[in-house]
Amino acid sequence: LLRDVVAGPRSVAALAPLIGAERYEALLRDSAAFRQQFGHSTIWNVNSTATGGGVAELLQALVGYAVDLGVDIRWLVLHGDPAFFAITKRLHNALHGHGGETTTPAEASHYEDILAANAADLLERVKPGDVVLLHDPQTAGLAPWLRRAGVRVVWRCHIGADRGNRVTEAAWGFLRRYLGDLDGYVFTRYEFVPSWVPAGRTWIIPPSIDPLSPKNAPMDPAAVREVMVAAGLLDGPHARPPRAHVVAERLPTEDEPLVAQVSRWDRLKDMPGVLEAFAVQVAPRTAGTLALVGPATGEVADDPEGAQVYADCVREWGRLPRAARERVLLASLPLDDLEENARMVNAVQRHATVVVQKSLAEGFGLTVAEAMWKGRPVIGSAVGGIADQIVDGAGLLVPDPRDLSAFGGQLRCLLGDADLWHRLGGAAHEHVRRNFLGDVHLRRYAALFRTILS
Ligand code: UDP
């Protein structure tokens, strides 16, 4: 049932020039101490998808670096059916404070049945002394089985609402019955921690990006152009059919300003809101094209809403007045070749004049860190982890993401101010370098493991 995901080793040594000798040596020291003390423990990660979305992205990198550091670490993806993922997607939205319907008793028992089957498989693999990191609501129901087996269990929640509401409370009411008395609870920010989680076992660990992965690695302008043209996102000669599925009246030219949001087709990313704000507030007064870019729908296993949200965007696009429609394109990037998908995202983020992330709620928002690392000026909503990333002049925050005219106004101003792009972009890169690269992340986990294993 459980699927092993092999994250190829990533070279920690290659990080050294980016993080500096002091941080690099601290990482080696911590991992050597960890291996010596806890070398017999396996660290297991369990989540619900190997591709698409932030958690998969994170695990690819972290597991890869940990392997290179000699840590015995594994990654398993659980098996669920569409009904299971519909339930967990609702819980996901609810923890972000959105949606409404609660989990019915029949759904609860389906959720438990699926996880009981996965747990049986998992219990054959783990041994006492191991640590299992369970990621997000999809895996919460595995915890009671593991606790009974005497392994250390940490629940890592990647999502949350800055201010809880009735919907969040109901979702926690459902999940907490599985999450009692674990060894650790990890959240991205303090605001996300529900009151019933014991303070002494709470860890705040924001995610990180991998500066050397195909998604973030340096790319020269010629390569960026080539990937953009081959994807079908930029006007230019291409021999083969475009790799991405692009909905557009015309393609932008190379020297035209490009505004991009790269996201899953998820309601909380508010792609339609970006489209409307751009069409109404920006397009009539400023040059440039908007690209809304996401994964090909139906290909992210644990995200059943994607196709619907994408269809809504296409419909809204079709309703735009022609002049605005010519300035907006929708692109779905294929996921059959993940490295190619990552290079396309890399190219879009590098080519974009301005990157936006107008989420209505956000756990962290890796797309923001990715764009900041590339020195892009980013406009993001002041929600969730975006507010921890865009600080001290490292980008622009929109206080209320539902205020389309404020968002549009900021975007218009930024598009017209090349000096500001450079100032924001420079600060952005440095902020990510200091706070959101893998070494900082791994050392925070090492501290957590040391505490719960000692
Ligand atoms: N992403 C991708 N291909 C796409 C769209 C998104 O690889 O077509 C990646 C994106 O680059 C980022 C991740 O998916 O690494 C999304 O993570 P984020 O934290 O922004 O949001 P989540 O999807 O976890 O809600």
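What's the long-distance tail for the chain, i.e. % of Cα pairs beyond 42 Å?
Roughly 13 percent, once rounded to a whole number.
When the Cα centres of segment 1-23 and segment 195-232 are compared, how far apart do they sit, in Å?
13 Å
Among 87-94, 107-114, how do they line up by average Cβ neighbours within 10 Å per residue, starting with the highest?
Output ranking for 87-94, 107-114: 87-94, 107-114.
Let me have the relative contact order for segment 260-390, percent, based on Cα pairs under 8 Å that are six or more residues apart. Show your work: numbers first, answer last.
Numbers: 191 pairs, mean separation 36.8, N = 131.
Relative contact order for segment 260-390 comes out at 28 percent.
Please report the base-10 log of the normalised intensity I(q)/I(0) for segment 1-98, using a Debye sum with one equal scatterer per alpha carbon and no solvent, at each q in 0.17, 0.20 (1/Å).
-0.86, -1.01
What fraction, in whole percent, of alpha-carbon pairs in segment 250-357 exceed 25 Å separation?
Pairs farther apart than 25 Å: 16 percent.
For n ≥ 4 DSSP H runs only, could you compute -39500 (n - 2.57) per run for the chain, divide by its residues and tell me the 222 nm figure to the nearest 500? Working shown, then result.
Details: 17 runs with 199 residues, N = 454.
Result for the chain: -13500 deg cm²/dmol, rounded to the nearest 500.
Report, to the nearest 10°, how far helix 338-351 tilts away from the longest principal axis of the Cα atoms in the chain, using its own Cα long axis and a range of 0 to 90°.
Helix 338-351 sits at roughly 50 degrees to that axis.
Excluding A61 itself, what net charge comes from residues whose Cβ is under 14 Å from its Cβ, given Lys and Arg +1 and Asp and Glu -1? Working shown, then result.
Working: positive: R10, K215; negative: E57, D68, D210, E339, E370, D439.
Overall, the nearby charge balance is -4.
Please state the Cα pair-distance histogram of segment 315-413 with 5 angstrom bins from zero: what percent is in each bin?
Binned Cα distances yield the sequence 2, 12, 19, 20, 22, 15, 8, 2.
Before anything else, pin down the relative contact order of the chain: Cα pairs under 8 Å, at least 6 apart, normalised by residue count, whole percent. Let's see the in-between values first.
On the way: 877 pairs, mean separation 71.8, N = 454.
With pairs under 8 Å counted, the relative contact order is 16 percent.
Treating only the Cα positions of segment 64-184 as identical point scatterers, give the base-10 log of I(q)/I(0) from the Debye formula at each q in 0.12, 0.14 Å⁻¹.
-0.46, -0.62
For segment 244-258, what does the Karplus curve 6.51 cos²θ - 1.76 cosθ + 1.60, with θ = phi - 60°, yield as ³J(HN,Hα) per residue in whole Hz, taken in order and with x for Gly and Pro?
Running phi through 6.51 cos²θ - 1.76 cosθ + 1.60 with θ = phi - 60° gives 8, 8, 10, 9, 7, 7, 8, 9, x, 8, 5, 8, 7, x, 10 Hz.
What lysines sit close enough to K89 to cross-link, taking a C-alpha to C-alpha distance under 27 Å and skipping anything fewer than 8 places away on the same chain?
K215, K269, K358
If the viscosity is 0.890 mPa s and the temperature 25 °C, what translational diffusion coefficient in µm²/s does Stokes-Einstein give for segment 132-177 when Rh comes from Kirkwood over Cα pairs?
For these conditions, the coefficient is 212 µm²/s.
Only the coordinates and a few stated rules stand behind these numbers; no lab work does. Model, not experiment: these values are computed from the prediction. As a convention, Cβ positions derive from the backbone with ideal geometry for all residues, glycine included, and neighbour counts pool all protein chains shown.
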